[in-house]
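The values are calculated or read from the model by the stated rules, or taken from the named source; none is laboratory data. Computed from a prediction, not measured in an experiment: that's the story for all the values here. In this analysis, Cβ positions are derived from the backbone assuming ideal geometry, glycine residues included, and neighbour counts consider all displayed protein chains.
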Amino acid sequence: MLSIKNLQASVEGKPILKGIDLEVKAGEVHAIMGPNGSGKSTLANVLAGRDGYEVTGGSVTYQGKDLLALKPEERAREGVFLAFQYPVEVPGVSNIYLLKAALNAIRKHRGLSELDAMDFLTLVRERLKLVEMKEEFLYRAVNEGFSGGEKKRNEILQMAILEPALALLDETDSGLDIDALKIVANGVNALRSPERAMIVVTHYQRLLNYIVPDRVHVLAHGKIVKSGDKSLALELEKQGYAWVTEDAPRASA
Amino acid sequence: MTAPVSDSRPLYLDAINAQRAALPGQTVPAIRTLREEGQARFAELGFPTARLEDWKYTNVSAIAGQLFKPVNGALATVSSEQLHSHLFADLPAHRLVFVNGRHAPALSSVGKLPAGVIVGSLAEILATRPNIVEPHLGKIAPTGTNGFTALNAALFADGACVHLARGAVAEQPIYIVYVSTGDTDSVMTTPRNLVVLEESAQATVIEQYLALDDARYLTNVVTEAALGANSRLEQYRLQQESTKSYHIGTWYVRQARDSRFISHTVDLGGLLARNDLHDILGAEGAECEFNGLYVVDGRSHVDNHTCVDHAKPRGTSREYYKGVLDGMARAVFNGRVVVHPDAQQTDAQQMNNNLLLSRNAEVDTKPQLEIYADDVKCSHGATVGQLDTDALFYLRSRAVDEQTARDLLTYAFANDVLSRMKLAAIRLPLEQRLTTRLLRGRSLNELELI
Ligand SMILES: Nc1ncnc2c1ncn2[C@@H]1O[C@H](COP(=O)(O)OP(=O)(O)OP(=O)(O)O)[C@@H](O)[C@H]1O
Ligand SMILES: [Mg+2]
């Protein structure tokens, strides 16, 4: 599904990703861990197509297509979804409008007709239950005045409605209380299927108790320095990052 | 267009002399004096130049360089069918329509007025009940703060007169429409409105300025409003003049104890529009709220000068202006707030946010706070910027194409001001107009914004 080869990217002329290699197959869940500032969000943003990240080398193939050649909205229509580490507030645009616009754009791209108002609302209500959000959130401006945890749940709501083929979750668990963590994990697990893949960025092994990954990678200084199965996360929890990062090349200061 | 002249003052003074005898209310001493003062001040001042601080960014030499011939009506006839689509048709209101400055009874429908409420044309009320007008006209707005208000004082012939007696409540809004139509190139109208609310009275007044033809005319309007103790006035001012026109509007408001004034100002038209809104919170506990939106493109220019005079204690003022500029448009915002030594516990807030859609658009925004009391809360903020790139990316990452995302964010930015309007019969059609302007005609239902 996703094949990242020697991906290098810079922000404002500063190299951040220094040769990432990653293969994700349909049906798999990969966890990416790693110290602060190691490039995890940069990787997620590059995959989603955010401006300001310059790809200086390597390639990303997604479902046989050159992902990096697509605009962000085209990537979304092709089934890529990024749950933001810091979801953005969009004053004046309601949640329900964005959900509808997004879903219909994706359906249109797939050659499906637009959902009518009734079917749309039925779908949204059902997914609201999944993430235990009140209906009133639909009519508020996107993320405006939402608490940190509500913003994260809102990301999962969008994901549950848009049903992406490739979901990138950037620290969706950060800032969640224990109950919310379970809710988010349930939302993610409900979406797991043989056709879908997920990349879950997290600092906490706790999330991986709920979302059990097929592979765990450690990203440090812009490179994947170690990969393993779910036991790697437990190991990291016990020992920290030093033992996996110390033989990795340091970022040139 | 007439060839520009170096000093048009003599031309205007000739025009004033030629018209004076025919102006309504000349037999009322206070009115006659007001006109004479206006003429004298105009002779003295002429039109403002860029040398004046208040006119530094708004150049009116195009107006000053020729005679805009004062008219009062005629030039064209308008049918109610022609007018219909331009009006807020779903708005039950006491409606007064003026065509090229003169009251058009056939197009007006004042209807039945509640007890204590007078709504009529100024010319008519000056003829029949001058005592309603005399104590106020020219007493709220100083005569001749600049050449435009002086000229208006010298030449005004008609306008709306609204008077609410103590405790009177006008349930339906009072809707004043100024229509420019026909061959109005190089023509000037000088409407004069007077709104008086006695103690505890309540009214909503809508002023709409529109054009049926794309002519190059000048509207030079002055509105005076006096709010008695505990009264409440909500004002809507909608400027949709022709794209070649000049609109100079001056509002003077004076508020008594615990009165509340809310103003919604929307500028969608005009080649050059200048609004001066001056509010004197002249007694304790007076409150005002100004909401403003300007959407400017091409080579148009919109200038909002506001001044809130906190003269007495415990006054509250809120100013919230937003602008969207495209093309080579230019906007000016100058928010003056004066807190006099007496005005302790004043609470004043001011915001002006501008969105630039083009590199060639320009904004000059300036708060001007003059605070002479110590126990006050005053804040102000001004921004000039582009669309939020994070919000743009967020929408695009949710499959919304870039152009739609830009349009949406622009619309949401501007609509924030309209959403403060209580009258749905005004707000919804304006939102519709805003969508045509900013959303390339996509319909609102489809958008379901907030
Ligand atoms: N817009 C930017 N301008 C300058 N530097 C940036 C920018 N975006 C990212 N960086 C830098 O790139 C590096 C990687 O940042 P990134 O956000 O990818 O880290 P991360 O692994 O997600 O960290 P965290 O665990 O704290 O979320 C950091 O040093 C960061 O300061
Ligand atoms: Mg991060």
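A compact table of results
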| read-out | value |
| --- | --- |
| The range B:298-329, residues that are within 19 Å of B:TYR411 (Cα to Cα) and surrounded by fewer than 21 Cβ atoms within 10 Å (Cβ to Cβ) | B:GLY298, B:TYR320, B:ASP326, B:GLY327 |
| Those strands (runs of 3 or more DSSP E) lying entirely in the range A:147-253 with at least 3 residues under 18 Å from A:GLY37 (Cβ atoms) and within 16 Å of ligand 2 (Cβ to nearest atom) | A:215-220 |
| Residue list for the range A:121-142, filter: within 13 Å of chain B (Cβ to nearest Cβ) and over 23 Å from the mean Cα position of the chain (by Cα) | A:LEU121, A:GLU136, A:TYR139, A:ARG140 |
| Strands (runs of 3 or more DSSP E) fully within the range A:49-120 counting 2 or more residues that are more than 11 Å from every other protein chain (Cβ to nearest Cβ) | A:53-62 |
| Out of A:VAL93, A:VAL88, sole residue that is surrounded by fewer than 21 Cβ atoms within 10 Å (Cβ to Cβ) and closer than 28 Å to A:PHE146 by Cβ | A:VAL88 |
| Meets criteria (assigned to a helix (DSSP H, G or I), more than 12 Å from chain A (Cβ to nearest Cβ) and hydroxyl-bearing (Ser, Thr, Tyr)) for B:THR435 | yes |
| In the range A:22-34, residue nearest to ligand 2 (Cβ to nearest atom) [restricted to those that are assigned to a loop (DSSP other than H, G, I, E, B) and out of contact with any Phe, Trp or Tyr (no Cβ under 8 Å at 6 or more places or on another chain)] | A:GLU28 |
| Some residue of the range A:177-186 being in contact (Cβ under 8 Å) with a residue 12 or more places away in the chain, under 14 Å from the mean Cα position of the chain (by Cα) and crowded, with 18+ Cβ neighbours inside 10 Å | yes |
| Checklist (1) more than 18 Å from A:ASN45 (Cα to Cα); (2) within 16 Å of ligand 2 (Cβ to nearest atom) applied to A:ALA141, failing item | (2) |
| Residue check, B:VAL376 outside the structural domain of B:ASP407 (by TED's automatic domain parsing) and under 28 Å from B:ARG406 (Cβ atoms) | no |
| Number of the condition not met by A:ARG77 [criteria: (1) in contact with a His (Cβ under 6 Å, 6 or more places away or on another chain); (2) within 16 Å of ligand 2 (Cβ to nearest atom)] | (2) |
| Residue list for the range A:168-204, filter: of a type in the set (D, E, K, R) and either more than 16 Å from ligand 1 (Cβ to nearest atom) or away from chain B (no Cβ under 14 Å) (or both) | A:GLU171, A:ASP173, A:ASP177, A:ASP179, A:LYS182, A:ARG192, A:GLU195, A:ARG196 |
| Scope the range B:41-53; condition over 15 Å from B:ALA64 (Cα atoms) and in contact (Cβ under 8 Å) with a residue 24 or more places away in the chain; matching residues | B:ARG41 |
| Entirely in the range B:339-419, the strands (runs of 3 or more DSSP E) that have 3 or more residues that are over 23 Å from the mean Cα position of the chain (by Cα) | B:377-385 |
| First in the range A:8-21 and farther than 17 Å from A:GLY34 by Cβ and assigned to a loop (DSSP other than H, G, I, E, B), second anywhere and modelled with pLDDT under 95 and within 16 Å of ligand 2 (Cβ to nearest atom), Cβ under 8 Å, 6 or more apart | A:GLU12/A:GLY52 |
| Residue list for the range A:35-47, restricted to those being more than 9 Å from ligand 2 (Cβ to nearest atom) and part of a loop (DSSP other than H, G, I, E, B) | A:PRO35 |
| From the options A:ALA26, A:ALA31, residue that is surrounded by fewer than 20 Cβ atoms within 10 Å (Cβ to Cβ) and hydrophobic (A, V, I, L, M, F, W, C) | A:ALA26 |
| Test: residue in the range B:258-268 that is hydroxyl-bearing (Ser, Thr, Tyr) and outside the structural domain of B:LEU67 (by TED's automatic domain parsing) | no |
| Filter result for B:ARG336 (free of Cβ contacts under 8 Å to residues at least 12 places away in the same chain, outside any helix (DSSP H, G or I) and more than 14 Å from chain A (Cβ to nearest Cβ)) | no |
| Members of the range A:209-237 that are on the phi < 0 side of the Ramachandran plot and within 16 Å of ligand 1 (Cβ to nearest atom) | A:VAL216, A:HIS217, A:VAL218, A:LEU219, A:ALA220, A:LYS223, A:ILE224, A:VAL225, A:LYS226, A:ALA233, A:LEU236, A:GLU237 |
| Single match in B:LYS366, B:LYS377 (criterion: away from chain A (no Cβ under 14 Å), farther than 22 Å from B:LEU293 by Cα, of a type in the set (D, E, K, R) and touching a residue at least 24 places away in the same chain (Cβ under 8 Å)) | B:LYS377 |
| Unmet criterion (only one of (1) surrounded by 16 or more Cβ atoms within 10 Å (Cβ to Cβ); (2) free of Cβ contacts under 8 Å to residues at least 60 places away in the same chain) for B:ALA74 | (1) |
| Residue match in the range A:116-125 (condition: within 19 Å of A:ARG196 (Cβ to Cβ) and either free of Cβ contacts under 8 Å to residues at least 12 places away in the same chain or in contact with a helix residue (DSSP H, G or I) (Cβ under 9 Å, 6 or more places away or on another chain) (or both)) | yes |
